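Chemist: Structure in structure tokens, see below.
The values are calculated or read from the model by the stated rules, or taken from the named source; none is laboratory data. Remember, predicted model here, so these are calculated numbers, not experimental data. Because the Cβ atoms are built from the backbone with ideal geometry, glycine has one as well, and the counts that use them run over all protein chains shown. When the accessible area is computed, the model is the full protein with side chains, heavy atoms only, and any ligands, DNA or RNA have been set aside. Shrake-Rupley method; radii C 1.70, N 1.55, O 1.52, S 1.80 Å.
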Amino acid sequence: MTAAKLLLGQTLSFEGNPFETAPAEAARHERSGAVLIKDGRIAAVGTSDALRAAHPQADVTDYGDALLCAGFVDAHVHYPQTGIIASWGKRLIDWLNSYTFPEEMRFGDRAYADQVANTYLDLTANHGTTTMVSYCTIHPESVDAIFTAAQTRGQRIVAGKTCMDRNAPDGLRDTAQSAYDDSKALIAKWHGVDRLDYAITPRFSPTSTPEQLRALGDLWAEHPDCLMQTHLSEQTDEIEWVLGLFPEARDYLDTYEAFGLLGEKGLYGHAIHLEPRERARLRETGAGLIHCPTSNTFIGSGLFEMQSLMSEGQRVGLATDTGGGSSFSMLRTMAAAYEVAQLRHTPLHAAQLMWLATQGSARSLHMEDKIGNLASGMEADIVVLDLSSTPDIAQRFSRADDIWEAVFPTIMMGDDRAIKATWINGQPVKG
């Protein structure tokens, strides 16, 4: 039993979904707030005066006017692409061949995978990200590396071995059988250990034969408590390629559905160019659609339909898509989501952006009861935001009339300087 910790500052938590009610009414803001942490969990959230009086022996950290909220949840990343983030000028397929695949070839070397995994988790902690869902490479060593690094830090993470048995270079292909066998062994080794969860991971339909997709669908049926992650309808030329490879498919989603890879615990990255049937089936199954706005604009994929997808009841998360995405920062990702929504003439409120980066992403992972909110019983993953982190932001903050006007400049202009502290599993890892 460790001593209780009491964090003081402004607090922001969610009591509802700001896409389903008036955005400001879905959130609770406490100007002089506090969060009590015991044994890696949030024991209480309330006013500073009340919690200080109730817990006089707690170790106090006073963050002044900084804002305490749930740590950011990044629902779609490729940690092996850390070193090639912001590589210039390619469409998706060219980008994979020019940058991604050559870098991923290196991850059979466990020492190299360890180094990148730790660098990635250091960088993301500096940006306030406390949970992520990561693709690894075809190498089991790459999975062991990221899980080991996260376990050492007490961090919640979802990851899985990427499976590809065609349309990839020599050295980056497995087989239907080895994909099944390797993934099954990794599930047995890591899934449900501490704060670690496994995601069955076919990269996307073009790099898996029907035999491999079927094998992974069978594996998911055997382990329905696992998440399954893949890509869907990112670019129009990608869709044409998929339909050429699967001439019997009704649409892109059908290349997963036909092999048992559509379900409530499925995470489908990008999901920009969806057909009506695909939207209906995704909604019916309760699958997660993961919006990757910096990646979608950086690689030129298209504009996600946030408002219409949310209004029809889709489950949507937010993600950086490192390294197709051009930033490790969920603040920058929120800003990009706002800009994409503006281009679709459906502006997003600051409460909706903060919800997407925390509770919304956690909901897409079916982990909203564990992470993504400041509430009693939740795991103590917390980010502390300095709302005046730069002169540019501070001068705008000084004019704010309410918490949303105070937060929005940090969403739009903030970076790692805005992250005053990051707490993971009840322990400070930055600040």
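Chemist: Looking at the chain, what % of the alpha carbon pairs are farther apart than 30 Å? Display every interim value, and only then the final one.
Modeler: Working: 36148 of 92665 pairs.
That tail contains 39 percent of the Cα-Cα pairs.
Chemist: Counting Lys and Arg as +1 and Asp and Glu as -1, what is the net charge of the other residues whose Cβ lies under 14 Å from the Cβ of residue 359?
Modeler: Details: positive: 28, 315, 363, 370; negative: 15, 20, 74, 368, 369, 379, 381.
Cβ neighbours under 14 Å give a net charge of -3.
Chemist: On a 0 to 90 degree scale, rounded to 10, what angle separates helix 110-126 from the longest Cα axis of the chain?
Modeler: 40
Chemist: How large is the accessible surface per residue of the chain, computed with a 1.4 Å probe and reported in Å² as a whole number?
Modeler: Details: 15300 Å² over 431 residues.
Per residue, the chain has 35 Å² of solvent-accessible surface.
Chemist: Roll a 1.4 angstrom probe over the protein heavy atoms and tell me the percent of accessible area of segment 32-147 that is carbon or sulfur. Don't jump to the answer; show the numbers that get you there.
Modeler: Working: 2030 of 4170 Å².
Exposed carbon and sulfur together represent 49 percent of the surface.
Chemist: Rounded if a/c is under 1.5, else prolate if a/b beats b/c, else oblate: with a ≥ b ≥ c from the C-alpha gyration tensor eigenvalues square-rooted, which is segment 243-302? Provide the component values of the computation, followed by the final result.
Modeler: On the way: a/c = 2.06, a/b = 1.30, b/c = 1.58.
It is oblate, given that a/c is not under 1.5 and a/b is not larger than b/c.
Chemist: Could you tell me the center-to-center distance, by alpha carbons, between segment 185-240 and segment 90-114 in angstrom?
Modeler: Using only Cα atoms to place each centre, the spacing works out to 19 Å.
Chemist: Calculated FRET efficiency, residue 185 and residue 112, Cβ-Cβ r, R0 25 Å, to nearest 0.05?
Modeler: Details: r = 21 Å, r/R0 = 0.85.
My answer for the efficiency is 0.70.
Chemist: With respect to the cross-link table entries 38/430; 161/430; 184/265, which display a Cα-Cα separation exceeding 21 Å? Don't skip to the answer; put the middle values down first.
Modeler: Working: 38/430 19 Å; 161/430 29 Å; 184/265 17 Å.
Beyond 21 Å between Cα atoms: 161/430.
Chemist: If you fit an axis through the alpha-carbon atoms of helix 276-285 and take the longest principal axis of the Cα set of the chain, what angle between them do you get, 0 to 90°, nearest 10?
Modeler: Here the helix axis deviates by roughly 60 degrees.
Chemist: Another question, then. Under 20 Å Cα to Cα from residue 370, which aspartates and glutamates show up? Leave out anything in the same chain fewer than 8 places away.
Modeler: Candidates past the 8-residue exclusion: 15, 39, 74, 194, 197, 225, 264, 379, 381.
Chemist: Considering Cα pairs under 8 angstrom that are at least six residues apart, work out the relative contact order of the chain and quote it in whole percent.
Modeler: On the way: 990 pairs, mean separation 85.1, N = 431.
Reported as a whole number, the value is 20 percent.
Chemist: Then there's this: For segment 32-55 and segment 166-180, what is the separation of their Cα centres, given in Å?
Modeler: When both Cα centres are located, 50 Å separates them.
Chemist: Cβ under 13 Å from residue 375's Cβ, residue 375 left aside: what net charge do those residues give with Lys, Arg +1 and Asp, Glu -1?
Modeler: Values: positive: 28, 41, 370; negative: 15, 30, 368, 369, 379, 381.
Within the 13 Å Cβ shell, the charges total -3.
Chemist: Right, another one. Going by average Cβ density within 10 Å per residue, which order do the peptides 206-218, 288-300, 85-97 take, highest to lowest? It would help to have the intermediate numbers written out before the result.
Modeler: Details: 206-218: 20.6, 288-300: 24.6, 85-97: 14.9.
Descending mean neighbour count gives 288-300, 206-218, 85-97.
Chemist: If R0 is 51 Å, what FRET efficiency do you get for residue 22 and residue 170 from their C-beta distance, rounded to 0.05? Please list the in-between numbers first.
Modeler: Values: r = 56 Å, r/R0 = 1.09.
The formula returns an efficiency of 0.35 here.
Chemist: Under 11 Å from the Cβ of residue 245, count the other residues' Cβ atoms, weight Lys and Arg +1, Asp and Glu -1, and hand me the total. Walk me through the numbers before you get to the answer.
Modeler: On the way: positive: 166; negative: 238, 240, 248.
Residues close to residue 245 contribute a combined charge of -2.
Chemist: How far is helix 140-153 tilted off the main Cα axis of the chain, in degrees rounded to 10, range 0 to 90?
Modeler: In the chain, helix 140-153 runs at an angle near 10 degrees to the longest axis.
Chemist: Calculate the FRET efficiency for residue 50 and residue 395 from the Cβ-Cβ distance with a Förster distance of 25 Å, rounded to the nearest 0.05. Write out the running numbers ahead of the final one.
Modeler: Numbers: r = 34 Å, r/R0 = 1.35.
Using R0 = 25 Å, I get an efficiency of 0.15.
Chemist: Can you order the peptides 61-73, 273-285, 154-166 by their average number of other Cβ atoms within 10 Å per residue, highest first? If you can, show how the numbers build up before the last one.
Modeler: On the way: 61-73: 21.9, 273-285: 16.6, 154-166: 24.1.
Ranked by mean Cβ neighbours within 10 Å, highest first: 154-166, 61-73, 273-285.
Chemist: Right, something else. Which length gain, in nm to one decimal place, applies between residue 93 and residue 65 when the Cα-Cα distance is subtracted from 0.36 nm times their residue separation?
Modeler: Details: separation 28, 0.36 × 28 = 10.08 nm, distance 4.62 nm.
Using 0.36 nm per residue and subtracting the Cα-Cα distance, I get 5.5 nm.
Chemist: Can you list the HN-Hα couplings for segment 46-61, worked out from phi with the Karplus curve (6.51, -1.76, 1.60; θ = phi - 60°), rounded to whole Hz and with x for Gly and Pro?
Modeler: Using θ = phi - 60°, the values come out as x, 7, 4, 4, 5, 6, 5, 5, 7, 9, x, 8, 5, 6, 9, 10 Hz.
Chemist: Averaged across orientations, what area in nm² does the convex hull of the alpha carbons in segment 88-178 project?
Modeler: It is 6.6 nm².
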